[in-house]
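Here the structure is laid out as structure tokens; the discussion comes afterwards.
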Amino acid sequence: MSEQAVDVGNLSFEEALRELQSVVAELEQSSPTLDAALAGFERGIALLRVLHGRLDEVEKRVEVLERDASGVLRVRSTGGK
């Protein structure tokens, strides 16, 4: 595993998203060599995994307000998916 793939876990969600957008733009706008394209693809996949993981973490923490039978608002944790 390359050093680049190792350090993506330290990025914030926003940093990882910006970097993924940058990787995609570079692959779309240039004509990289096969090795460079593969490295960009691998970096993009690593960033995507970080983003999905962070979204899953947030989803598990989301709380929903709902009314019970008597009309009182209660907080219900979504408990993930």
Residues being in contact with a Lys or Arg (Cβ under 8 Å, 6 or more places away or on another chain), closer than 30 Å to L73 by Cβ and surrounded by 14 or more Cβ atoms within 10 Å (Cβ to Cβ): count how many of those fall in the stretch 9-63. 1
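So, of the residues in the stretch 35-81 that are of a type in the set (K, R) and modelled with pLDDT under 95, which turns out to be nearest to the chain's Cα centre (by Cα)?
Looking only at the stretch 35-81, we keep the residues that are of a type in the set (K, R), and these are 43, 49, 54, 60-61, 67, 74, 76, 81.
From what is left, the residues that are modelled with pLDDT under 95 are 54, 60-61, 67, 74, 76, 81.
Values: R54: 5, K60: 14, R61: 16, R67: 32, R74: 30, R76: 25, K81: 16 Å.
That would be R54.
The values are calculated or read from the model by the stated rules, or taken from the named source; none is laboratory data. Predicted, not measured: the structure shown is a model, and the values here were computed from it. Positions of Cβ are backbone-derived with ideal geometry, glycine not excepted, and every protein chain shown enters the neighbour counts.
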